[in-house]
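Presented below is the structure to which this report refers.
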Amino acid sequence: MNQTQIEFRNVSFRYADDQPWVLKDVSFTIRSDQSVAIIGHNGSGKSTIAKLINGLLFPDEGEIIVHGTSVNENTIWDVRKKVGMVFQNPDNQFVGTTVRDDVAFGLENRGIERIDMIQRIDSSLAAVRMKDYLLHEPHRLSGGQKQRVAIAGVLAIRPDVIILDEATAMLDPKGRQEILTTVNEVKQNHPLNLITITHDLNEIISADRVIVMNDGEVWLETKPRDLFTKEEALQSIGLDVPFSAKLANELKRLNIELERTPLDQKELLDALWTYHLKT
Amino acid sequence: MASSLIIGQYVPSQSMIHRLDPRTKMIIIFLFVVFVFFANNFMSYGWLTLFAAFTALSTKIRLRYIAKGLTPVWFLIVFTFFLHLFVTHEGDILFRIIGFPIYSGAIAQGIQISIRFFLLILFTSMLTLTTTPIEITDAIETLLNPLKRFRFPVHELALMMSISLRFIPTLMQEAEKISKAQASRGVDFKTGPIKDRIQAVVPLLVPLFVSAFKRAEELAMAMEARGYQGGEGRTKLRALAIERIDWYAFIIFTFVLTGLFILRQ
């Protein structure tokens, strides 16, 4: 299981010859047992990475290898069987006229038999807790519900990798929470390689590894906890750490050193109320 | 809001007509439209009217609702009647209206043509009343399937129709949002001379078009990412099936047609 899933080898990309490079000589590997977050502010090239992985775009230089296959025009359909993607806009990726039809879309494309299809639709909708909405039309669903349907559509094709390309960016806080909960549940129950692309550092907490992109280059590769200590450096590239990490960093400046940088408010609280016991 | 989002005039119900396969309905309606023109006397028209009325009743849709759907065409039906009344010169002169002679044949002709018109519209509206747009799309796709041999893009056409159906409510909601945004900036959609009101639509349509194009691009990308590569090798979730009830419908319709040919002159 512990093998290389995705590898970028010196990848450079630009949209047109007269335009600046979006990615400059990017190299990294993602192992199949890791969930990885790719962060960066707008225009840092993070979404381009997602589109390169499943062959919606091709690199100008370098090579991308997904599960041992080099991504090029002959292999994209094989690669797309392994890589599922959820996009930013909930409306613009909903193809079917009802929830059921939309989840079926990816299965229909792959020529799955009808009986198998019905079963897969049921189980993947159950996984995102949208089974009660089987026959709902998209305009009767909230943004968060639509994104959950999109996740179900991806799960139904049983991919090895799921890429969430800013899947929560257009949702309200409630919808965002819905998606994060759903994704965590899915991750526990399915052997999946999850790649989260975001500009919100609150969403990288559960990742094993973080790749920070800046200006088309890999700026840093680290663990979420270590990243949160680099508050000022992050701010200089347009990213903001969550409140709990900010407070911890501020306390550190006052020589109150917490045992470890808290990832969320609960960890912060625990660290604070147990602090005195340890000194 | 919700009421303005109903597409077409479909009325949900569990009637026999609703449960028929959409292909059955389309074939029967198509044949009916053709054979209405074979009726040529009061007996045959009466026979077809009886059949149409029987069908309308078995949809279990309230007659008032069906009649409401026909309101825009009443004028045409009445107009057709009077046109034939004044133009046809057959039979004896019965009386004169302001100097115009009215022939006995004209009255018969006017009534028959009006009934024909009425039957055509009543019967075809039965399709949209009892069939969801997506069912109609599926039926068109399967019925046109033989045309694939002549490289007619049947699957693409059906996909286009179903995507349009899916995006109608989305774009309507968006149009409403844009019109509110523009109204809050002082665009007046509701008062003033017609010319101004038509001009006021421009700031509504331009953003709507721009966003529709953006949506199309993103949707195309999402479809590709989900493995869409045209109709080849694709399976379908929604399956149409001809059942016993469809055979009954065809048998009844054959009986109606036989009746028509016996009764006509």
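The values are calculated or read from the model by the stated rules, or taken from the named source; none is laboratory data. Because the structure is predicted, anything quoted here is derived from the model rather than measured. Here the Cβ is made from the backbone with ideal geometry for all residues, glycine too, and neighbour counts use every protein chain on show.
One residue alone among A:Val86, A:Val66 is within 30 Å of A:Arg176 (Cα to Cα), within 18 Å of the chain's Cα centre (by Cα), more than 13 Å from chain B (Cβ to nearest Cβ) and of a type outside the set (D, E, K, R), and that residue is A:Val66.
The set of residues in region A:99-120 that are more than 8 Å from chain B (Cβ to nearest Cβ) and among the β-branched types (Val, Ile, Thr) comprises A:Val99, A:Val103, A:Ile115.
Got a number for residues in region B:218-230 being outside any helix (DSSP H, G or I), within 7 Å of chain A (Cβ to nearest Cβ) and either within 30 Å of the chain's Cα centre (by Cα) or crowded, with 17+ Cβ neighbours inside 10 Å (or both)?
Final tally of qualifying residues: 3.
Remark: A:Ile157 matches the filter, which requires a residue to be touching a Gly at 6+ places or on another chain (Cβ under 7 Å) and either aromatic (Phe, Trp, Tyr) or within 21 Å of A:Met117 (Cβ to Cβ) (or both).
Could you please let me know if B:Phe213 is within 12 Å of another protein chain (Cβ to nearest Cβ), under 17 Å from A:Asp91 (Cα atoms), free of Cβ contacts under 8 Å to residues at least 40 places away in the same chain and hydrophobic (A, V, I, L, M, F, W, C)? Yes, satisfied. Taken residue by residue, region A:36-50 has no member that is within 30 Å of B:Glu135 (Cα to Cα), within 10 Å of chain B (Cβ to nearest Cβ) and aliphatic (A, V, I, L, M). Where helices (runs of 4 or more DSSP H) fall wholly inside region A:72-180, the ranges with 1 or more residues that are without any contact (Cβ under 8 Å) to a residue 12 or more places away in the chain and surrounded by fewer than 19 Cβ atoms within 10 Å (Cβ to Cβ) are A:76-82, A:114-127. Of note, A:Lys223 satisfies the criterion of being touching a Lys or Arg at 6+ places or on another chain (Cβ under 7 Å) and at pLDDT 85 or above. Sort out which residues of region B:231-242 are facing another protein chain (nearest Cβ under 9 Å) and under 30 Å from the mean Cα position of the chain (by Cα), and write them in order of number. Correct list: B:Arg234, B:Thr235, B:Lys236, B:Leu237, B:Arg238, B:Ala239. Put simply, of A:Asp240, A:Asp226 the only residue that is in a loop (DSSP other than H, G, I, E, B) and charged (D, E, K, R) is A:Asp240. From the set of residues in region A:243-279 that are of a type in the set (D, E, K, R) and in a loop (DSSP other than H, G, I, E, B), which is modelled with the highest pLDDT? If we take residues in region A:243-279 being of a type in the set (D, E, K, R) and in a loop (DSSP other than H, G, I, E, B), then A:Asp264 is modelled with the highest pLDDT. Of the residues examined, B:Asp188 is one that is surrounded by fewer than 17 Cβ atoms within 10 Å (Cβ to Cβ), away from chain A (no Cβ under 13 Å) and not in a helix (DSSP H, G or I).
The C-beta contact set for region B:58-78 (first residue within 13 Å of B:Ser15 (Cβ to Cβ), second residue surrounded by fewer than 13 Cβ atoms within 10 Å (Cβ to Cβ), distance under 9 angstrom, 6+ apart or interchain) comprises B:Lys60/B:Gln14.
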